[in-house]
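In what follows, a structure is listed as structure tokens, so that the remarks can point back to it.
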Amino acid sequence: MKLITVKNYDEMSQKASSFILDLIQSKENPVLGLATGSTPEGLYRYLIEAYKEGKASFQHVTTFNLDEYVGIERADANSYYSFMQENFFKHVDISPSQTFLPNGKAADLQAECEDYEQLISNASQIDIQVLGLGLNGHIGFNEPGTPFSIRTHVVDLEESTREANSRFFESIDEVPTQAITMGIGTIMESKMILLLVSGEQKAEALVRLFTNEVSEEFPASILQNHPNVVIIADEAASKHLSK
Ligand code: GLP
């Protein structure tokens, strides 16, 4: 795992955008794995800016998002579908038919997971998978204890995760109890992983990422086994890492 330390959230976002822009400028049909949450918002702002300045086009880009809540409509402001429209897709020239997220309102959730896996494998391989880091080490919505080999699946969200995400909802009661997430097995097949970590509240989790043994109790620890991981962390998040 390669660690790049930057000053703050803005530098983290800009640095992350440079990896994505390099890819889409050099590859004909790039495939991106995307994340939601507060962490990648700045990255999306930089990508939109590059598009508006005529420095990048997303016309030939395909995207797969990591996860989606179960039980809320795509049109709901809290769906990850809406998050991606608002924070990225509607501002650039990406084709809607090339942006994929699991459907958390599918009648048959198991079939939805299998279809999502099929779509990813049809696209061959994710070139860069963007990841945030959950406070408990979750990646996507793969909570502690999730088998490393698992593919896209339905998860029961931990109370601590619902609590952390309740800031986007009116109250914690409105936070869904389940989600569909790309599995760790799926994530690990990406060519490159770009893990973004910002803020003091992630500092403990970042230490664990480097010091934990590879264990399902801390899902992100599996990244130690991936051949091409770049972690971009700001000063606040990396404050407990020994220099
Ligand atoms: C959420 C998402 C993850 C995200 C993580 C961190 O629950 N499912 O994909 O990376 O938790 O979120 P944030 O970036 O808001 O801290």
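Readers should treat all values here as calculations from the given coordinates under stated rules, not as data from a laboratory. Here the structure is a predicted model, which is why all the values come from computation and not from measurement. A quick note on method: Cβ atoms are made from the backbone with ideal geometry, for glycine too, and the neighbour counts reach across all protein chains shown.
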Worksheet entry | Local net charge near Val6, Cβ-Cβ under 9 Å (Lys/Arg +1, Asp/Glu -1) | -2
Discussion item. From the phi angles alone, apply the Karplus equation (6.51, -1.76, 1.60; θ = phi - 60°) to the range 86-96 and give each ³J(HN,Hα) in whole Hz, x where the residue is Gly or Pro.
Written reply: 5, 8, 8, 4, 5, 9, 10, 8, 6, 7, x
Fill in: Total formal charge among the other residues, if their Cβ is under 13 angstrom from that of Arg208, Lys/Arg +1 and Asp/Glu -1
-2
Fill in: Overall dimensions of the range 129-203 as given by Cα atoms, namely Rg and Dmax in Å
12.9, 38
Worksheet, complete the sentence: the range 2-234: antiparallel bridges as % of DSSP beta bridges, rounded to 5, reads 25 percent
Worksheet item: If you build a Gaussian network model of the chain, linking Cα atoms that sit under 10 Å apart, which residue out of Phe19, Phe89, Phe148 swings the most?
Response: Phe19
Item to complete: Return the lysines within reach of Lys202: Cα separation strictly under 20 angstrom, same-chain partners fewer than 8 residues apart disregarded; answer none if there are no such residues.
Response: Lys2, Lys7, Lys15, Lys239, Lys243
Discussion item. For a protection proxy built on the mean count of beta-carbon atoms within 10 angstrom, sort 174-181, 149-156, 212-219 highest first, please.
Written reply: 174-181, 149-156, 212-219
Fill in: Per-peptide average of other Cβ atoms within 10 Å, ordering 77-86, 129-138, 110-119 highest first
129-138, 77-86, 110-119
Worksheet entry | Calculated FRET efficiency for the pair Glu217/Ser97, C-beta based, R₀ 45 Å, to 0.05 | 0.70
Worksheet, complete the sentence: note: the chain, Cα-Cα separations exceeding 26 Å make up a percent value of 34 percent
